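Just below is one structure, and these are the notes that go with it.
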Amino acid sequence: MSSTPLFDRGQLDRTLRASNNTLEAYRAVLQNGNDALRRMFEAQQPIERLVAGRAQLVDEVLRCVWERFFVKAGEDIGLIAVGGYGRGELHPHSDIDLLVLLGNEAGNRYRGQIEAFLAFLWDTGLEVGHSVRTIEDCVGEAARDVTVATNLMEARLLCGPLSLFEAMREATDARHIWPSNQFFEAKLNEQRQRHRRFHDTAYNLEPNVKESPGGLRDIQVIGWVAKRHFGVETLQDLVGHGFLTESEYQALIRGQNFLWRVRFALHMLTQRREDRLLFDYQRTLAVQLGYRDGDHNLAVEQLMQDYYRAIMQLGRLNEMLLQLFQEAILYADDSAEPVNINKRFQARKGFIEVTDDHVFEHKPFAMLEVFLLLQQNAELKGVRASTIRLIRANTFRIDESFRSDLRCRSLFMEIMRQPNGITRELRRMNRYGVLAAYLPSFGRIVGRMQYDLFHVYTVDEHSLFVVRNIRRFTIAAHRQEFPLCSELMEGLAKPELLYLAGLFHDIAKGRGGDHSELGSAEAIQFCLHHGLSRFDADLVAWLVRNHLAMSMTAQHKDISDPEIINEFASMVADRTHLDYLYLLTVADIRATNPNLWNSWKDALLKELYRAARYALERGLERPIEEQEHIGKTQNEARALLIGMGLSTEQIDASWRNPTADYFLYHTAEEIAWHTDAIIRTPECDLPLVLVKPLEQRGSTEIFIYGRKLPHHFALTTSALEQLGLDIVDARIATSIGGFALHTFLVLETTGEAIKNEYRLLEIQSTLRKRLLHPDRYDTTVTRRAPRQVRHFDVPTEVSFEQDSNNARTILRVSTPDRPGLLSRVGKAFAQHNIGLQGARASTVGARAEDLFYITSESDELIVDTAKLDELRATIISLLAE
């Protein structure tokens, strides 16, 4: 038996002769081999050598152990490596899949030896997956399950008779089970289902190196199909069959080696089989793989951009090869004649192809035309693989001359104006490298990630998701999702302007400076270059420059304040800009993070949109006044209360207590609900706690009326946070006689309003107990922060801004998000006798950005800077605990 640099058979034999502890001897051999592999990795040795070396180390150990347990084995038992191990590829903690192959007549003769053999392997630390089968068993299992057939297809003999192994291979090949056409369809379906589990995108913040789209599994699918149909043993053999060019093969191997290196490092770092690039590991891996922080790019962002670009390249190759296989395997006997589309393109077997291999050389504009034709011919299923290859080979022709060609500019705008297929074809253009070539600025954001929990996709993928969300507003089948957006979309004269704004809104990310301003400058240049009018170009540029304005106003300002509404309405200036901005904002937030959008944000943006539209319709020269707004709301609420049987005297008496803020913030329906309950509740039964889901708020409202308590806010928020609720908004109105009216808007952690009757009762009873007996309860929240949040260094920042018009101070707290945050800030307020009018909670990835409207104990503006400094220090101290 041979030795390798990782395995010294002579040393093992000497150790075994000198010691009675066989198990420890094998453990030492494996440890020495693994230590050598680590040193080789750190020395930057080729990753192929390490992956193969780990498999060879395990081979040698298994053969030695097999000899120990099967000294007198006959010709009817063998040890077979299957799966990835069968390919001779092992990472430090990859599964070691084994098949103990028995002759059909072996029976149970080896049962005891097999059990002892496997137990010994586990005791050495080898994590083996095993099956014990006869050849008949192999045929039956493989016929039922394509995964078993795939594993056996990669089988490699380790120990035992070659004749037994070859009999199994012959019995399970494509002549007997899973002919290549059926095998291909099964594998293609497997891949589609696997991609669906990852939402058909590889550009997630914590991707799976093996299973995500574009990952190692996609490379393996190519190899499996090639092996089943063509009988090739390596990917390089596909070059000889004409399915891969040499440059494509080299690109495939470079991508595989990059992913192998990342996966190998992951296994060494975690000391287990871990294929997910979790936040827990990304920073450390970046350093281990040689990345360093730059001026505008963290090391971890550079690593992840290389990762995303690698999987994009691998995804392109996977798509092209599987389509070539489809044509060769499924359509081999289909002699359908091509159907002419125009001089440059024809359709064959449902796929578009060039009429001549030199089309793109002589007519470069056809590299855009092909995507327009796909939009205009819905019966086409895609692009033939040979044409994909030609597009990829000719993207170098997309230069300044190409971009200045009127035909190219016209074709691009026609693509953006089509009623169907915009998202699909922009994504296809991105996959083929055409979009990055035509828009070099877009090329710079391809694969760019932002190391936070707010943006879960790369910048290019996010931008295309924005376009997809806008497009979705136009589809009747999805109208029920966002009825207002669908209605506004129907009224847009030029929806292509909105698509362009979606494409450009983040195009300047990662350059330093204000990406909105930089992107706006690029957008207007592009639009004018593509023949748009000055008005249209200005509108697109304005949308890019202000794409965050509506979101920031809704989530970080008090939109119950008429001045804020008037200010926002003045900024948008007219209904056209408002409609476009609202649609872009909804599409943008929904494309940032699937968990970011919720019913409260939906309601908040609708409220701002409708308030701004009313202000515009009324006329900016006639701004809404506070007293006018309050009077209108009170009149509507009064009518509702009279209809509920209350007298004018009762209503007026009740309304003498709350401050004006209360009537500014609440709707007439909410005020009627509160007022009716307050009037009908005796003082001895206070505190009054009402809980009710409110559709117009997109959340569940909790209303509390009772005597003011020093720690009221801390008590209430700690109870709600301990119940697992997210507090998104809070308002506190004081009243005559020492009473307070607290309103909280809450959601479940899933982002949904609470509607379950038992859950509503639980919230109500918990709050009443806490408020009736405040001394019995601690305000500490014991819920743990999510795993991902703990891996971001977010400094705590506390700032103040004077809101003289409303006689209050605006406190802004930016800090790592965690349960109990609001209650800790509430403790600081109680310690410093701070009055609280309201709070707005907002989370941006791992960072909480909360607003508090505070006053002095006597409800006045806090002008004492020393007092504010003390408050800041206390908040920072409490949040650091």
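The values are calculated or read from the model by the stated rules, or taken from the named source; none is laboratory data. Worth saying up front: this structure is predicted, and the values here are computed from it rather than measured. Don't worry about glycine lacking a Cβ; one is built from the backbone with ideal geometry, like all the others, and counts go over all protein chains shown. What goes into the accessible areas is simple: the full protein's heavy atoms, side chains included, and nothing from ligands, DNA or RNA. Shrake-Rupley method; radii C 1.70, N 1.55, O 1.52, S 1.80 Å.
Some points to look at:
- Of the residues making up the range 824-838, just one is open to solvent by 30 Å² or more (accessible area, probe 1.4 Å) and in contact with a Pro (Cβ under 9 Å, 6 or more places away or on another chain), namely Asn833.
- Elements of type helices (runs of 4 or more DSSP H) in the range 451-515, at least 2 residues being of a type outside the set (Phe, Trp, Tyr) and closer than 26 Å to Glu849 by Cα: 459-472
- Close pairs from the range 676-696: first within 23 Å of Ile642 (Cα to Cα) and in a helix (DSSP H, G or I), partner open to solvent by less than 30 Å² (accessible area, probe 1.4 Å) and among the hydroxyl-bearing types (Ser, Thr, Tyr), Cβ under 9 Å, at least 6 apart: Ala677/Tyr705; Ile678/Ser654; Ile678/Tyr705; Ile679/Ser654
- Residue within the range 318-332 that is open to solvent by 50 Å² or more (accessible area, probe 1.4 Å) and modelled with pLDDT under 90 present: yes
- Selection count, the range 336-385, where residues are more than 34 Å from the chain's Cα centre (by Cα), open to solvent by 20 Å² or more (accessible area, probe 1.4 Å) and within 19 Å of Leu411 (Cα to Cα): 10
- Test result for Leu79, under 11 Å from Gly160 (Cα atoms), in contact with a Cys (Cβ under 8 Å, 6 or more places away or on another chain) and open to solvent by less than 20 Å² (accessible area, probe 1.4 Å): yes
- Among all residues of the range 600-609, there is at least one that is over 30 Å from Gln450 (Cα atoms), open to solvent by 60 Å² or more (accessible area, probe 1.4 Å), in contact (Cβ under 8 Å) with a residue 40 or more places away in the chain and not in a loop (DSSP other than H, G, I, E, B).
- Residue check for Ala866: of a type in the set (A, V, I, L, M, F, W, C), open to solvent by 40 Å² or more (accessible area, probe 1.4 Å) and more than 30 Å from Phe279 (Cβ to Cβ): yes
- Contact annotation: residue pairs with Cβ atoms under 6 Å, 6 or more positions apart or on different chains, pairing a residue in the range 463-490 that is closer than 23 Å to Met429 by Cβ with a partner that is acidic (Asp, Glu) and assigned to a helix (DSSP H, G or I), are Val466/Asp588.
- Of all residues in the range 737-760, none that is of a type in the set (Ser, Thr, Tyr) has its Cβ atom under 7 Å from the Cβ atom of a residue that is surrounded by 12 or more Cβ atoms within 10 Å (Cβ to Cβ) and part of a helix (DSSP H, G or I), 6 or more apart or on another chain.
- From Tyr705, Tyr758, residue being of a type in the set (Phe, Trp, Tyr), modelled with pLDDT of 85 or more and more than 26 Å from Gly835 (Cα to Cα): Tyr758
- Filter result (of a type outside the set (Phe, Trp, Tyr), within 27 Å of Phe325 (Cβ to Cβ) and part of a helix (DSSP H, G or I)) within the range 370-392: Val370, Leu373, Leu374, Gln375, Ala385, Ser386, Thr387, Ile388, Arg389, Leu390, Ile391, Arg392
- Of the criteria (1) touching a residue at least 12 places away in the same chain (Cβ under 8 Å); (2) open to solvent by less than 30 Å² (accessible area, probe 1.4 Å), which one Arg409 fails: (2)
- Failed condition for Gln45, given (1) out of contact with any Leu (no Cβ under 6 Å at 6 or more places or on another chain); (2) free of Cβ contacts under 8 Å to residues at least 24 places away in the same chain; (3) surrounded by 12 or more Cβ atoms within 10 Å (Cβ to Cβ); (4) not in a loop (DSSP other than H, G, I, E, B): (4)
- Filter result for Arg818 (modelled with pLDDT of 90 or more and open to solvent by 20 Å² or more (accessible area, probe 1.4 Å)): no
- Screening Pro92 on (1) in contact with a His (Cβ under 6 Å, 6 or more places away or on another chain); (2) not in a loop (DSSP other than H, G, I, E, B) shows it passes everything except condition (2).
- Elements of the type strands (runs of 3 or more DSSP E) sitting completely within the range 787-881 and holding at least 1 residues that are in contact with a Phe, Trp or Tyr (Cβ under 6 Å, 6 or more places away or on another chain) and farther than 26 Å from Ile589 by Cβ: these cover 808-816, 835-840.
- The range 393-409, subset within 13 Å of Ala366 (Cβ to Cβ) and part of a helix (DSSP H, G or I), residue nearest to the chain's Cα centre (by Cα): Thr395
- Residue within the range 531-554 that is part of a loop (DSSP other than H, G, I, E, B), touching a residue at least 12 places away in the same chain (Cβ under 8 Å), open to solvent by less than 10 Å² (accessible area, probe 1.4 Å) and within 21 Å of Ile415 (Cα to Cα) present: no
- The condition of being over 24 Å from Ala493 (Cβ atoms) and open to solvent by 60 Å² or more (accessible area, probe 1.4 Å) holds for only one of Glu617, Glu563, that being Glu563.
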